Structure formats: structure tokens, C-alpha cells
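Take a look at the structure below.
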Amino acid sequence: MNDTYITLAGWVGSDVSLREVGGGTPVANFRVATTSRRFRNNQWEDGATTWYSIRAWRRLADNTFASIKRGDPVVVHGRLEADVWTKEDGTTNTQLVITASSVGHDLSRGTAVFTKPARPPAVETAAAPGGDPFEPRDGQSADPWSVPLGEPVPAFATDAPTDAPTDAPAVASVPEADAA
């Protein structure tokens, strides 16, 4: 696979558009600008600005549409492609397109709060009579190794090893095989 992957930090320069294609698959599109900066002659100078078209699919498309706004500082990672076409007047145009695998706010420019998107509830099936024996009951944790607050830790977890004899033999005896 000879794909080129890129990570860029820039500013969102357009509103995020969301549409559905081919049977309801969501795709989000927006533009990001990056401008290089150099420190020369004791001052900062802006370099050329490069624009990228960003394409996000499926869940990333939905989350990008809900989270990213024009003017936001973002970090984008994805597959880079050059979309080249010839216009009717014969001129050739090139657009840099990134099919994103990750999109997020640039936290060097501000703070963000992560929120998991709400998911529709799964279709529930009728429970067997008596319920699921492996399902935690009220007040119980689903973690089999957890200890509720305020209760002592079981002794086996804190006991130091001892050399005291036990009821079981330390080594099971194995009958010797007949030498033939």
C-alpha cells in the first residue's frame, strides 16, 4: 500500500457540511488552512497558506459535524490525495484532499470537554425466567474482583505466604510405571 498519511494542525475555514451518500452513509466535508511561520530578523513572519479539503466518513462524520465549527483550531490525521481536474477553459486545478481517520481540537490553542455521543438503546430480548445469573444484582458490581467500600478486604488477598502444613499433601504421589 503506497498511501500517504499526513497529520496537520490548522484552522477550520468553512462550516462543516454533512450529507448522506449511497444508502445513508454519512460524510462530512470542511476546509482547513495551515500557514507556516518563521522567526526571521527578530520577528515572526507568515509563510504561504495551504488549504486542505477534509472528508470524514460514518461515525467520524457525525461527531465532526457536532463538534467542529468554522474558526476552530484542529488537528487532522488521514490519507492525503491530490484531486486534479481540467476545467473547460483548459486550465488544470489541484485540490489537496484528506480522508480523515482522526479529527480533534488542537489543545495547544485551548481546552475541550469530551462527550460520548448518545447511542440509541440496543434492542432488548426477553430475559430468561429468573434473569441472567451472571448479571449483577442491585448494589453489586459487575467487576468480580471489586470490593464494596467500607467492607474488609478478604483475608486471602492480604495473607502472607506461610510454611505451615496444610490438609492436602504438598506433592501428589504418582505410582511408578513398570519397567519393561
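Assorted remarks:
- Residues in the range 57-73 that are surrounded by 20 or more Cβ atoms within 10 Å (Cβ to Cβ) and under 14 Å from the mean Cα position of the chain (by Cα): 61, 64.
- Long-range neighbours under 9 Å by Cβ, at least six apart or interchain, first residue within 15 Å of residue 71 (Cα to Cα) within the range 88-116, second surrounded by fewer than 13 Cβ atoms within 10 Å (Cβ to Cβ): 104/112; 105/111; 105/112
- Residue in the range 64-75 that is within 25 Å of residue 3 (Cα to Cα) and touching a residue at least 60 places away in the same chain (Cβ under 8 Å) present: yes
- Within the range 74-88, restricting attention to residues that are assigned to a strand (DSSP E or B) and not aliphatic (A, V, I, L, M), the residue that is farthest from the chain's Cα centre (by Cα) is 86.
- Test: residue in the range 1-13 that is touching a His at 6+ places or on another chain (Cβ under 6 Å), closer than 30 Å to residue 117 by Cβ and not small (Gly, Ala, Ser): yes
Every read-out reported here was derived from the displayed coordinates using simple, explicitly stated rules and does not represent laboratory data. Source: prediction; values computed, not measured. Cβ atoms come from the backbone with ideal geometry, glycine included; neighbour counts cover every protein chain shown.
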